[in-house]
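Note sheet for the following structure.
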Amino acid sequence: MKCPYCNARTKVTNSRSHNNDYSVWRRRQCKSCNAIWSTDEQITLDTSHKVVRSDNHLEPFSRDVLFISIFESLAHRNDRLTASTALINTVIDQVLSLKSAEVPISKLVVLVGETLNRFDKVAASVYKAKYSLNN
Ligand SMILES: [Zn+2]
């Protein structure tokens with residue numbers, strides 16, 4: 001990775017797994033200007049996982065689509081951006097713990113609904129009204 005300030009080569013000075021073991025945090029330092037910053041290596045879910053739609057059509061798992069669905073459900077909150085970021089990480093940990101490369105959309109909707117319900121009942125209601133397949 002190049003330095004974002006001077007484009008010189010960089011080195012990793014520290015590294016550790018996150019609690020979930022599905023991502024790696026690294027501290028980097030520029031070999032030229034000595035600037036320091038960190039990077040976060042995560043699974044690119046659209047290359048590793050597919051969502052099984054109700055008609056059995058497979059589509060790449062989209063972190064962005066999942067984020068938007070959660071973010072929209074939190075419209076009543078002042079902390080919706082930070083809350084959405086934390087909640088999507090919780091949901092993705094749950095998806096990865098399924099140990100299956102294909103995730104039925106119905107299962108994903110249940111995971112998001114349950115996660116939202118533990119955090120904010122209003123958000124869970126908003127989400128379920130829009131996405132629940134059983135309503
Ligand atoms: Zn530099």
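The values are calculated or read from the model by the stated rules, or taken from the named source; none is laboratory data. If you're wondering where the values come from, they're calculated on a predicted model, not measured in any experiment. Neighbour counts are summed over all protein chains in view; Cβ atoms, including those assigned to glycine, are modelled from backbone coordinates with ideal geometry.
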*Does A83 satisfy being part of a helix (DSSP H, G or I) and over 18 Å from the mean Cα position of the chain (by Cα)?*
no
By residue number, the members of the range 108-130 that are touching a residue at least 24 places away in the same chain (Cβ under 8 Å) and more than 16 Å from the chain's Cα centre (by Cα) are F119, D120, V122, A123, A124, V126, Y127, K130
Being more than 21 Å from Y131 (Cα to Cα) and touching a residue at least 12 places away in the same chain (Cβ under 8 Å) narrows I70, I36, I105 down to just I36
Of the listed residues (W25, W37), the one being surrounded by 12 or more Cβ atoms within 10 Å (Cβ to Cβ) and more than 16 Å from the ligand (Cβ to nearest atom) is W25
Scanning the range 39-60 residue by residue, those more than 18 Å from the chain's Cα centre (by Cα) and small (G, A, S) turn out to be S54
Only unsatisfied item for N14, checking (1) away from the ligand (no atom under 16 Å from the Cβ); (2) modelled with pLDDT under 95; (3) more than 30 Å from S125 (Cβ to Cβ), is (2)
Residue count, the range 93-135, condition at pLDDT below 95, assigned to a helix (DSSP H, G or I), of a type in the set (G, A, S) and touching a helix residue (DSSP H, G or I) at 6+ places or on another chain (Cβ under 8 Å), comes to 0
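One line per residue, one yes/no per condition, for (1) in the same structural domain as Q94 (by TED's automatic domain parsing); (2) among the hydroxyl-bearing types (S, T, Y); (3) in contact with a His (Cβ under 8 Å, 6 or more places away or on another chain):
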{"position": "P4", "(1), (2), (3)": "no, no, no"}
{"position": "R16", "(1), (2), (3)": "no, no, no"}
{"position": "N20", "(1), (2), (3)": "no, no, no"}
{"position": "R26", "(1), (2), (3)": "no, no, no"}
{"position": "S32", "(1), (2), (3)": "no, yes, no"}
{"position": "K50", "(1), (2), (3)": "yes, no, no"}
{"position": "R53", "(1), (2), (3)": "yes, no, no"}
{"position": "H57", "(1), (2), (3)": "yes, no, no"}
{"position": "P60", "(1), (2), (3)": "yes, no, yes"}
- Is it the case that the range 43-61 has a residue that's surrounded by fewer than 15 Cβ atoms within 10 Å (Cβ to Cβ) and at positive phi? yes
*asked:* Given the condition over 29 Å from D120 (Cα atoms) and acidic (D, E), answer yes or no: does some residue in the range 42-58 qualify?
replied: yes
